[in-house]
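Chemist: First the structure, which I've put down as C-alpha cells, then a few questions once you've had a look.
The values are calculated or read from the model by the stated rules, or taken from the named source; none is laboratory data. Remember, predicted model here, so these are calculated numbers, not experimental data. When we count neighbours, we look across all protein chains shown, and the Cβ atoms used for this are built from the backbone with ideal geometry, even at glycine.
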Amino acid sequence: MGNRQFADLGGITLELGGSLPAVRVAYETYGSLNDDGSNAVLVLHALTGDSHLLGEAGPAHPTPGWWAPLLQTFAPLDPAEWFVVSPNVLGGCQGTTGPASDAPDAHPWGSRFPRITVRDQIEVERQLMPHLGVGHWAAVIGGSMGAMRSLEWAITHPDLVDAALVVAVGASATADQIGTQTAQIHAITSDPAWQNGDYHDAPDGEGPHRGMGVARRVAHITYRTEGELDVRFGRDPQPGEDPLGKGRYAVQSYLDHHADKLSRRFDAGTYVALTDAMTTHDVGRGRGGVAAALASIRVPVVVGGVDTDRLYPLRLQQELADLIPTADGLHVIASPYGHDGFLLEVEAVGELVQRTLDRSGRRVSGDAPISY
C-alpha cells in the first residue's frame, strides 16, 4: 500500500456506453484540509504516472515522487499551506480500478474492462471529493494527460474549481497524436502474449511485455527532442558493444532501458485503456466544437507549453490561450527536453503553479517564497 489511501465509490455510467458497478480510487494526500475547506488542490498525473507525488521509491512505489520539488517547504504546493490530493486515474494500475483490477466475479477485468474517456475519469475524481470532505478545489493542476483532465474540470465543473493549470496539451487529439498512439496500442495488442487482454493469470515473464516495450520506445521518442538525443548520444556505441556487429548504439540501449523499466511497473491493459482515452480527448465533443467549449470557461486558467514539444507543439497551447476568455496568455517553458519538460523544468512549472494559485484567490497565508 505504501502511502496510498483508498476510497470505494459507487458505480459509474460511462460516456461511450457501459458502466462499472463500483470504482476503487487510490490516492495520496499531503498537508491538511483547513477549517473552511479553501486550500484543497487536485494534482493530476500523466499517462504512466500515479498518485506518488512526493516521497522515495520503494517496494510499494516503483518510482520516486514525480513532482516532489513542487511540494517541498516554501515551494508552491507546500503541504504546510495546501491540502494536496493526487489520485491514480480511472483505468490505472496503481490501486485505482482498471483492467488489472478484479471484476465482481473476483477475476481481472481484462478484455471485459469497458472503454473509458477523460470525462469518465474526472467524474470519478468528482465522486472522490465528498470522501475527502472537499467541497471545491482551489486549483486543479495537470500536465499532458493530466492537463486533459484539468481542462475538462474547468469546462464541466466550473462551480467546483477556482482555477486551473493546463500544461503541454491541446483541446483535442490531433491526427499526429492519434497516429502515434494507435501505433503504440497496436504494438501491444499484436503481441501474441496479449491474449485479447486476458493475460493477467499468465506466469511471470509471459505477459505482453515485448509489445509494451515497443510502445514505450515509440512514445519515449515523442517525449524528447531530436536535438537532445543527438547531443546525448549521437552515433556513439553503447560502451562495450559493437553496433556494427551484434551490439547497440547508445540511444538504442537508452530506449531498451526505458522499455524494460516501464514493463516491470506498468500494466499493458492500462496502457491501452489510457492511451485510447487520450486518443478520444476532445473538449468540443457534444458542446458545439472546440471554440464553443473553450469560450464557455469562466474560471481562471493558466496555459503553459514547452517550446520544443513535438508531441503537443506550442500552436496547440496558443489555441487554448486564444480561445479561453479567462486565460492570461500563453506561458512558454524553455527546455531542451521536449514534452518531458513539463516534468523536468520544475522551476518554470513551479512559477506557473504559483500563478494558478494566486489567480484562484484562495491563498491562505500570503505569498510564500519559492525554493527549489
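Chemist: Right, ASN34: crowded, with 22+ Cβ neighbours inside 10 Å and closer than 20 Å to ALA138 by Cα or not?
Modeler: No, not satisfied.
Chemist: Would you mind finding the one in PHE74, PHE6 that is aromatic (Phe, Trp, Tyr) and part of a strand (DSSP E or B)?
Modeler: On the way: PHE74 fails: part of a strand (DSSP E or B).
Result of the check over PHE74, PHE6: PHE6.
Chemist: Pick from THR117, THR48, THR97: which is buried (at least 24 other Cβ atoms within 10 Å of the Cβ) and at pLDDT 95 or above?
Modeler: THR97
Chemist: Where residues in segment 220-268 are buried (at least 18 other Cβ atoms within 10 Å of the Cβ) and in contact (Cβ under 8 Å) with a residue 60 or more places away in the chain, which of them is nearest to THR189 (Cα to Cα)?
Modeler: ALA268
Chemist: Let me confirm something: among GLY197, GLY207, GLY213, GLY227, which residue is assigned by TED's automatic domain parsing to the domain that holds ALA250, small (Gly, Ala, Ser) and in contact with a Phe, Trp or Tyr (Cβ under 6 Å, 6 or more places away or on another chain)? I'd like the intermediate steps shown before the answer.
Modeler: Values: GLY197 fails: in contact with a Phe, Trp or Tyr (Cβ under 6 Å, 6 or more places away or on another chain); GLY213 fails: in contact with a Phe, Trp or Tyr (Cβ under 6 Å, 6 or more places away or on another chain); GLY227 fails: in contact with a Phe, Trp or Tyr (Cβ under 6 Å, 6 or more places away or on another chain).
Only one candidate passes the filter, namely GLY207.
Chemist: For the condition surrounded by fewer than 18 Cβ atoms within 10 Å (Cβ to Cβ), in contact with a Gly (Cβ under 6 Å, 6 or more places away or on another chain) and closer than 23 Å to SER144 by Cβ, what is the one hit in GLY55, GLY92?
Modeler: Answer to the selection: GLY55.
Chemist: Can you spot a residue in segment 9-21 that is buried (at least 21 other Cβ atoms within 10 Å of the Cβ) and within 30 Å of TYR312 (Cα to Cα)?
Modeler: Within segment 9-21, not a single residue is buried (at least 21 other Cβ atoms within 10 Å of the Cβ) and within 30 Å of TYR312 (Cα to Cα).
Chemist: Follow-up. Can you spot a residue in segment 327-346 that is under 20 Å from ALA173 (Cα atoms) and free of Cβ contacts under 8 Å to residues at least 24 places away in the same chain?
Modeler: no
Chemist: Taking ALA293 as the residue in question, decide whether it is in contact (Cβ under 8 Å) with a residue 12 or more places away in the chain, small (Gly, Ala, Ser), touching a Ser or Thr at 6+ places or on another chain (Cβ under 6 Å) and surrounded by 15 or more Cβ atoms within 10 Å (Cβ to Cβ).
Modeler: For ALA293, the condition - in contact (Cβ under 8 Å) with a residue 12 or more places away in the chain, small (Gly, Ala, Ser), touching a Ser or Thr at 6+ places or on another chain (Cβ under 6 Å) and surrounded by 15 or more Cβ atoms within 10 Å (Cβ to Cβ) - is not met.
Chemist: When segment 308-352 is examined, which residues are found to be outside any helix (DSSP H, G or I) and either under 19 Å from ALA46 (Cα atoms) or not assigned by TED's automatic domain parsing to the domain that holds ASP78 (or both)?
Modeler: Hits for segment 308-352 are THR308, ASP309, ARG310, LEU311, TYR312, PRO313, ILE333, SER335, TYR337, GLU345.
Chemist: Given (1) assigned to a loop (DSSP other than H, G, I, E, B); (2) modelled with pLDDT of 95 or more; (3) of a type outside the set (A, V, I, L, M, F, W, C), identify the lone condition not met by PRO59.
Modeler: (2)
Chemist: If only one of GLY146, GLY91, GLY95 is touching a Ser or Thr at 6+ places or on another chain (Cβ under 8 Å), farther than 17 Å from LEU14 by Cα and not in a strand (DSSP E or B), which one is it? Explain how you work it out, then say what you get.
Modeler: Numbers: GLY146 fails: touching a Ser or Thr at 6+ places or on another chain (Cβ under 8 Å); GLY91 fails: farther than 17 Å from LEU14 by Cα.
GLY95 is the lone residue from the list that is touching a Ser or Thr at 6+ places or on another chain (Cβ under 8 Å), farther than 17 Å from LEU14 by Cα and not in a strand (DSSP E or B).
Chemist: Any idea which residue in segment 68-89 is surrounded by the most Cβ atoms within 10 Å (Cβ to Cβ), counting only those that are modelled with pLDDT of 95 or more and aromatic (Phe, Trp, Tyr)?
Modeler: For segment 68-89, the residue satisfying everything is TRP82.
Chemist: So how many residues does segment 11-56 have that are in a loop (DSSP other than H, G, I, E, B) and in contact (Cβ under 8 Å) with a residue 40 or more places away in the chain?
Modeler: Residues that pass the stated criteria total 23.
Chemist: Can you go through ALA154, ALA103, ALA187 and tell me which one is of a type in the set (A, V, I, L, M, F, W, C) and surrounded by fewer than 18 Cβ atoms within 10 Å (Cβ to Cβ)?
Modeler: ALA103
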